[in-house]
1. Is the range B:149-273 rounded, prolate or oblate when judged by the Cα gyration tensor, a ≥ b ≥ c being the square roots of its eigenvalues, rounded requiring a/c under 1.5 and prolate requiring a/b larger than b/c?
2. Between A:Gln66 and B:Arg233, with labels modelled 7 Å along Cα→Cβ, what's the label distance in nm to one decimal, could you check?
3. Amide H neighbours of B:Arg348 under 5 Å, at least 5 residues apart or on other chains, H built in the peptide plane: list them.
4. Please list, in order along the range B:378-386, the HN-Hα scalar couplings obtained from phi with the Karplus expression 6.51 cos²θ - 1.76 cosθ + 1.60 (θ = phi - 60°), rounded to whole Hz, x for Gly and Pro.
5. Which cross-chain or sequence-distant (5 or more) residues have an amide H under 5 Å from the amide H of B:Ala55, H modelled 1.01 Å from N in plane?
6. Whole-Hz Karplus ³J(HN,Hα) for the range B:192-202, in order, using 6.51 cos²θ - 1.76 cosθ + 1.60 and θ = phi - 60°, x for Gly and Pro?
7. Near A:Lys55, which lysines are there with a Cα under 16 Å away, not counting those fewer than 8 places off in the same chain?
8. With just the Cα atoms defining each centre, how far is the range B:65-82 from the range B:168-226? Give it in Å.
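Just so it is clear, none of the values below were taken in a lab; they were calculated from the coordinates. Model, not experiment: these values are computed from the prediction. All Cβ positions, glycine included, derive from the backbone under ideal geometry; neighbour counts span all protein chains shown.
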Amino acid sequence: MTGVVLGPPVLAVAGEVLASAGGDDGGGKAVLLLLLLAGPLFAGWVYLRYRNTDKRHHHESETRSQMLDVRADDSRTGSRTGLTSSRMKGANSRKVRAP
Amino acid sequence: MSDLHAPSPGAQPIQPAEPGDPQSTAAPGGPRVVRTGDDRTDGLVRCERCGATEASLNVATGMLRCGFCRYEWRTENALATFDLDGPVGELAGVVVGSGTADVTADPAVTLRCTACGADVVIDAAAGVQARCHWCRNTLSLTEQVPNGAVPDMVLPFSVPKADAVARVAAFVGKRTFFAHPRFRAEFTPENVMGVYLPYMVVDVNAHARVTGEGEHQTRSYTVQVRDSQGETRSERRYDADVYDVRRSFELHVDDLTLESSAERLDRDTARTSNNVINTVLPFDVENGVRYDPRYLQGFTSERRDVDVAGLRAAVHDQVRDIARWRADETIGFYDRGVRWDATDLDVRGERWVSAYLPVWLYSYLETRKDGSTLLHYVAVNGRTGETMGSVPLNVPRLALVAGVVEVVGALAAAVLWVLT
């Protein structure tokens, strides 16, 4: 009886502990991976700093423009549950396509 | 998938030349051409006060200064003079400056010196001024023959050479340790060159429609999951509502600026470092003045070799990017993001002006071991001073240091692994 009553809170606490342990574990793995890739990451950072091959004029944000008479026509089409990522899959609204 | 409706002669009204307006002509079915070359002819361009043919830009004041009497004067603002700065929303059809005419003619032009009658050949690919070899007067190319050498307007340098030298030296100074040893040994920032590069400045009046799908989060929670070893761990899960998202709006794009030489449009970073010249955009093109070759005295210039038709697709692609960027301001509700699937443009009007824009360039030709070459630039915007560059790398030194970093990182990883 006691076990049944205490079950949900204990599970909840256990879940939190597991979650924090899992987070630490994930964080630890990320640090390990970064340390193991330190050489290539450093070389890539220096390459971009010297050669600046990733730089371009940001025409999408640096060009003067006016947006007038904005009309929105949005409609709900459904829902998705149990998604594992906090971001939408395939979201591209900040991507630029023109060279 | 994007659909584009470019202004076509049948569908879009082309503004007729206004009666009595000598500066504007419209061929049937073609764009309205605003003549920016007026009645000037090649040859002697004289000082307004003493009549001398030598004058040049005084960078400090932005005015032309006579080489003899030191009189200084300013030429008119190009866009205002030729009425090319009207509201973008009123643009209909295609309006072009006469300096954007398709490049068809040979760059070599023969000028007759009006002082002594000698014939002098100017290679417009190399410059727009020459000295008469008989009477030593300076002859200028001002007539707009369709060889891409004479644009509608020029934006004079306002960053002096000393300032550009200091900016190049500071930029490279922060990147010396891994720089190629020959580059370091030969680095002479005083060799920076002032170059007027050819650009097209484009205004676009369009109706934009962007459509896609967006997600709005409704719930976030933790679940227990069991992995293949039977261990339980918690993971985050999210629920979201899905929406079809549509935005339509009028879009007025002002002074979109694109390179108009094929060489500069090549931005493959394996072959060129043109991307660093592209990075120093934008310019305050609204301050451009009517083209006068004397602004180019003491500087070099590159000839335009790409026409309006060759750039239109790139302009429309960039306008689509701007449309999506602006539409982003209206999608705050979709906190999980939006995937745009289509961007449709209905272009109602375009205005094209060709311009020489000022860039200070420091260049270094790297010859690689396989014999291939790569021209590295450090570019300084001749108006804003924005600086960007490409510095050749000392690859063996970088590999050595990266190797040491890797060893240290691996050791640290091993220690961390043992401790945990």
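1. It comes out oblate by the Cα gyration axes.
2. For the pair A:Gln66/B:Arg233, the computed spacing is 5.5 nm.
3. Hits under the 5 Å cutoff: B:Asn205, B:Ala206, B:His207.
4. After applying 6.51 cos²θ - 1.76 cosθ + 1.60, I find 10, 10, 10, 4, x, 10, 9, x, 4 Hz.
5. Answer set, sorted by chain and number: B:Gly67.
6. The phi angles translate into 4, 10, x, 10, 8, 9, x, 9, 10, 10, 10 Hz.
7. Partners within reach: A:Lys95.
8. For the range B:65-82 versus the range B:168-226, the Cα centre distance is 36 Å.
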